[in-house]
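Here's the structure we're looking at; comments come further down.
The values are calculated or read from the model by the stated rules, or taken from the named source; none is laboratory data. Just so it is clear, the structure is predicted and the values come from calculations on it, not from any experiment. Ideal geometry is used to build each Cβ from the backbone, glycine not excepted, and the neighbour counts take in all protein chains shown.
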Amino acid sequence: MSGPVRPAEAGGGDHGGIFDREGALSKLLIAPAVIYIAAMIGAPFVLAILYSLSDATTGDPGLRLVGLRNFGRPFRIPSSASPCGTPSCSR
């Protein structure tokens, strides 16, 4: 003697769709928010790194990667003996 048949078992073992599983539904509903937040934080971060490693200037559509040369420029010794680095600078 078996007990009463439940509707989920009567359909040939169908356990319901994604809307009946709480774990899968919660992941499905939170995914757009996670993707949006990752794009809003990640895209500017990647662009900042890309621009810092390139010679990007305003009005120039080209983007040439120069590597770490941008970071070494402030530490270079100026070629002139002037205190400000230009020959026209006076003390």
message = Cβ-Cβ distance below 6 Å, separation of 6 or more or different chains: which pairs start in the range 64-81 with a residue that is outside any loop (DSSP other than H, G, I, E, B) and end on one that is modelled with pLDDT of 85 or more?
response = LEU65/LEU53; LEU65/SER54
message = Can you pull out every residue in the range 19-34 that is part of a helix (DSSP H, G or I) and either touching a residue at least 24 places away in the same chain (Cβ under 8 Å) or surrounded by 10 or more Cβ atoms within 10 Å (Cβ to Cβ) (or both)?
response = ASP20, ALA24, LEU25, SER26, LYS27, LEU28, ILE30, ALA31, VAL34
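Rundown of residues vs (1) touching a Leu at 6+ places or on another chain (Cβ under 7 Å); (2) modelled with pLDDT of 75 or more; (3) surrounded by 10 or more Cβ atoms within 10 Å (Cβ to Cβ), yes/no style:
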{"residue": "HIS15", "(1), (2), (3)": "no, no, no"}
{"residue": "ALA38", "(1), (2), (3)": "no, yes, yes"}
{"residue": "ARG69", "(1), (2), (3)": "no, yes, yes"}
{"residue": "PRO83", "(1), (2), (3)": "no, no, yes"}
{"residue": "SER88", "(1), (2), (3)": "no, no, no"}
key: Flag if SER52 is surrounded by 11 or more Cβ atoms within 10 Å (Cβ to Cβ) and at pLDDT 75 or above   = yes
